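*Asks:* One structure, as structure tokens, below. Some questions next.
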């Protein structure tokens, strides 16, 4: 009898262990880039280790010459960080410089330009062609201007923001798209942020190109507060819900007194630890987002953000879904055999009550990537300010 009891206990322990170990996983980490990363004069292995400790796996820095860029790539390789990088020789002698660095294990891509306008595209396109004629394995990286206004775009040189994005993609050979927008303001969320995400995400899907998007990592100016965890989550999780395949922080190291992860004196600030914690959350959920395709993006609430669509239909696995308060961003993503129902609380100050009821196939993905039956939770729950909840159901064949 004692043996039977012990055997039963052992079996139960094994079963609990197996259940507890069911997690959503990814073969690849989500790219998370530090823009304005380690300055050239601070290039040493300790600084690269510090960068990696914060959860960064891609560093973007400019270097004064090719030798400094070589040193940075070598150090990045030691700690397991990849580089999107540039030096003057990349512009003056592109073929020679690319031939020198193209086989370096730490190289992710070549940085060309930040925030070009329409008249810059031809020159950037010619430059990218010269690089890709030598190296077709690494991408050329250009970051596009924020969609602060989506129709009055004379300064960009196009009639609309969508035209700005599509024209760039047509004229500049770049395997991924990137844009910045810093929406968290002292007095609330910028009214055009979600409209811009709608347009950029839609254009990226039309072009069949992945896109990367930003979160503000500093107190940029008097309009922008020091980033809090809710503010960082809202930016990053909204980007992911709209289909972003890479995330960027600006800046990592600020050359003045604005509060960024590393301050002017080279010491860590409170933002460093906040970003470190969130990067851990993101990588634990990489299996949700890496390689995912957007099926739909919509919003709930009495008033939804301008330029967005109201949630009207639910996936077959979800029978009831309701939100209270100011509403949510709701995204349906498909990733192989799994599909995901992602709910982001748009409010930075209040928790969002939601009610969700699904069939037996509906599961919940916890913050550490663990997968559990949705039915073990109450139908009504809360999502903390700026945070998200993720539900899983089988992709319909």
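*Asks:* Hey, what angle do you get for helix 270-284 against the long axis of the chain, alpha-carbon based, 0 to 90 degrees rounded to 10?
*Replies:* Value to nearest ten degrees: 60.
*Asks:* So how far apart, in nm, are the two label points at residue 334 and residue 53 if each is 7 Å from Cα heading toward Cβ?
*Replies:* Spacing of the two 7 Å Cα→Cβ label points: 4.4 nm.
*Asks:* Estimate the FRET efficiency between residue 357 and residue 277 by the formula 1/(1 + (r/R0)^6), using the beta-carbon distance for r and 30 Å for R0, to the nearest 0.05. Each step should come with its number before you reach the end.
*Replies:* Values: r = 31 Å, r/R0 = 1.04.
So, using R0 = 30 Å, E works out to roughly 0.45.
*Asks:* Right, here's the next one. Expected output is a single nm value to one decimal: the length gained when fully extending between residue 70 and residue 95, i.e. 0.36 nm times separation in residues minus the C-alpha distance. What is it? Don't skip to the end; give the middle numbers.
*Replies:* Working: separation 25, 0.36 × 25 = 9.00 nm, distance 1.60 nm.
So the chain would gain 7.4 nm between residue 70 and residue 95.
*Asks:* Quick one: plug the Kirkwood hydrodynamic radius of the stretch 126-200 (C-alpha pairs) into Stokes-Einstein at 10 °C, 1.306 mPa s, and report D in µm²/s. The partial results should precede the final answer.
*Replies:* Details: Rh = 13.8 Å.
Estimated via Stokes-Einstein, D reaches 115 µm²/s.
*Asks:* Using alpha carbons only, how many degrees (0 to 90, rounded to 10) separate the axis of helix 229-241 from the longest principal axis of the chain?
*Replies:* 90 degrees
*Asks:* Test of understanding: what is the full-extension gain from residue 175 to residue 42, defined as 0.36 nm times their sequence separation minus their Cα-Cα distance?
*Replies:* Once the chain is fully extended between residue 175 and residue 42, it gains 44.8 nm.
*Asks:* Taking the simple approach of a point 7 Å from Cα along Cα-to-Cβ for both residue 117 and residue 372, what is their distance in nm?
*Replies:* It works out to 5.4 nm between the two label points.
*Asks:* Can I ask one more? Compute the helix-to-body angle for 161-171: its Cα long axis versus the longest principal axis of the chain, expressed 0 to 90° and rounded to tens.
*Replies:* Value to nearest ten degrees: 60.
*Asks:* Would you order 219, 312 from fewest to most other beta-carbon atoms within 10 Å of each residue's own beta-carbon?
*Replies:* Result, fewest neighbours first: 312, 219.
*Asks:* Order by neighbour count: 81, 199, fewest other Cβ atoms within 10 Å first, most last.
*Replies:* Details: 81 24, 199 20.
Fewest to most other Cβ atoms nearby, the residues stand as 199, 81.
*Asks:* Modelling each spin label as a point 7 Å along the Cα-to-Cβ direction, I'd like the residue 302/residue 320 distance in nm, to one decimal.
*Replies:* 2.3 nm
*Asks:* Mind running the shape call on the stretch 317-395? Use the C-alpha gyration tensor, a ≥ b ≥ c as the square roots of the eigenvalues: rounded below 1.5 for a/c, prolate if a/b tops b/c, oblate otherwise. It would help to have the intermediate numbers written out before the result.
*Replies:* Values: a/c = 1.76, a/b = 1.52, b/c = 1.15.
Prolate, since a/c reaches 1.5 and a/b exceeds b/c.
*Asks:* Now for a different question. Full extension from residue 258 to residue 149: what is 0.36 nm times the residue separation minus their Cα-Cα distance, to one decimal in nm?
*Replies:* On the way: separation 109, 0.36 × 109 = 39.24 nm, distance 2.60 nm.
Roughly 36.6 nm would be gained on extension.
*Asks:* So how do 104, 299 line up by other beta-carbon neighbours within 10 Å, fewest first? Working shown, then result.
*Replies:* Values: 104 18, 299 21.
By the 10 Å Cβ count, ascending, the order reads 104, 299.
*Asks:* What value, in deg cm²/dmol to 500, does the helix sum -39500 (n - 2.57) over DSSP H runs of n ≥ 4 give at 222 nm once divided by the residues of the chain? Walk me through the numbers on the way to the answer.
*Replies:* On the way: 11 runs with 127 residues, N = 397.
Using -39500 (n - 2.57) per qualifying helix, the result is -10000 deg cm²/dmol.
No value in this document is a laboratory result; all are computed from the given coordinates. No experiment lies behind these values; they were computed from the predicted model shown. FYI the Cβ positions are ideal-geometry reconstructions off the backbone, even for glycines, and counts take in every protein chain you see.
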